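The values are calculated or read from the model by the stated rules, or taken from the named source; none is laboratory data. These figures come from a predicted structure and were not determined experimentally. Note: ideal-geometry Cβ built from the backbone for every residue, glycine included; neighbour counts use all protein chains shown.
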Amino acid sequence: MSHAALTRLQQGLAALKADHLERRRQLLDGAQGAHVTINGQRVVSFCSNDYLGLAAEPALVQAAHAALDQCGVGAGAAHLITGHHRFHHDLETAFARFVGKPAALLYSTGYMANLAVLTTLVGRHGEVFADKLNHASLVDAAQLSGATFTRYRHGDLAQLENQLTKGTAQDKLIVSDLVFSMDGDIAPVDALLDLAERFDAWLYLDDAHGFGVLNGGRGGLSERARASDRVIYLATLGKAAGVAGAAVAAHVSVVDWLIQKARPYIYTTASPPLLAACLLESLRQIEAGEARRERLREHIVQLREGLASLTCGALMPSATPIQPLVIGTNAAALRLSQSLLRHGLLVPAIRTPTVPAGTARLRITLSAAHSADDVAQLVETLHAVA
């Protein structure tokens, strides 16, 4: 007997493949880095978010080995039972100090952190105002919060102002990526804060891709935003920080409220303490990492100058390690990605629905772990295969 639901799934999978939208996992052997082995092939990787090259940094590896002897592997319980280790506490304290906010709270993932903040701070009597290009986790969190969910065109503060003017909710929350993951552009933090102050709203900024890279590694907040009690700041710790997890930094009362009420924090086992120990070392590396950031900036300039005359696509404006090369159709972006792979270069094709139709692209991400020769190889190969 046929299983109708299973048949529909199989038909859906076939349709994805026909539309060049099928996704496949790449199998990584060995440590993350600029040069990796994927599916048995040695390649130069331009698709990792390991912007500072810390994922395999020996100092972090040593910190992990040392922590194993002190705390073992698993946390064993939720934070509010017996899972909150000294390493977790020390990391929260160090992170808050580093980003210039009064307090911080550690989460196992950035996705969980976004779910926690939005579902805890606003409910069915609130309204969330969100940039249309926000990360999927922010979209899901807004929808699950029960609040009215209002989206504004990417970067269109005039539309946002108009929406805030019409809003009647008691609790308002403006939420935005700080560095947009598919475009690489940076949100206008102070302009968003101006609106938050005028309309008495929270401002929540997801800095997944700016922390460790911008402003001496402290992320994309302006000094004014660091000092504001209404600004809540998220940094993910599995990208430039090279490990895993996320931290939310805010006013002490906000952090205390999240501890009391945030379901994604309360009802889950704490992350392994050894990861927090690694992250303490990562913070030290980030704080002292200006040479890494300077090398990264040099790579960005080299890539943009080298691809300025490329005929098969155009780089979007970006001063961050995320350098999107817009190609157009899903099929064309996929073909170009596959052609690069045959030359030993791993650059992912980003297709709908992740990006709007007609803007499929190669998402080139640069790392301090790359060499100038790596970047030159990518530039030369793109011109050759174009």
Scanning region 65-97 residue by residue, those among the aliphatic types (A, V, I, L, M) and surrounded by 16 or more Cβ atoms within 10 Å (Cβ to Cβ) turn out to be A67, A75, L91, A94, A96
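Here are S282, S318, S339: which of them is modelled with pLDDT of 95 or more and surrounded by 20 or more Cβ atoms within 10 Å (Cβ to Cβ)? Spell out how you get there, then give the answer.
Values: S318 fails: surrounded by 20 or more Cβ atoms within 10 Å (Cβ to Cβ); S339 fails: surrounded by 20 or more Cβ atoms within 10 Å (Cβ to Cβ).
The conditions single out S282.
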Out of region 170-220, which residues are farther than 18 Å from T150 by Cα and either of a type in the set (D, E) or not assigned by TED's automatic domain parsing to the domain that holds G245 (or both)? D183, D185, D190, D194, E197, D207
Output yes when any residue across region 61-84 is out of contact with any helix residue (DSSP H, G or I) (no Cβ under 8 Å at 6 or more places or on another chain), under 30 Å from V252 (Cα atoms) and among the β-branched types (V, I, T), and no when none is. yes
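Of these, A104, A56, A96, A75, which one is among the aliphatic types (A, V, I, L, M), assigned to a loop (DSSP other than H, G, I, E, B) and touching a strand residue (DSSP E or B) at 6+ places or on another chain (Cβ under 8 Å)?
Values: A104 fails: assigned to a loop (DSSP other than H, G, I, E, B); A56 fails: touching a strand residue (DSSP E or B) at 6+ places or on another chain (Cβ under 8 Å); A96 fails: assigned to a loop (DSSP other than H, G, I, E, B).
After applying the criteria, what remains is A75.
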Name the residues in region 264-281 that are within 28 Å of N49 (Cα to Cα) and of a type outside the set (G, A, S), would you? P264, Y265, T268, T269, P272, P273, L274, L275, C278, L279, L280, E281
Right, Q163: surrounded by fewer than 21 Cβ atoms within 10 Å (Cβ to Cβ), more than 21 Å from the chain's Cα centre (by Cα), farther than 25 Å from K239 by Cβ and at pLDDT below 95 or not? no
Show the residue pairs meeting these rules: Cβ distance below 9 Å; 6+ apart or different chains; first residue within region 368-383 and surrounded by fewer than 13 Cβ atoms within 10 Å (Cβ to Cβ); second residue small (G, A, S). E380/G306
Could you tell me which numbered condition Q32 fails, if it satisfies all but one of (1) farther than 27 Å from A249 by Cα; (2) in the same structural domain as L283 (by TED's automatic domain parsing); (3) under 25 Å from the mean Cα position of the chain (by Cα)? (2)
Among (1) over 21 Å from P317 (Cα atoms); (2) touching a Gly at 6+ places or on another chain (Cβ under 9 Å); (3) surrounded by fewer than 15 Cβ atoms within 10 Å (Cβ to Cβ); (4) not acidic (D, E), P188 falls short only on (1)
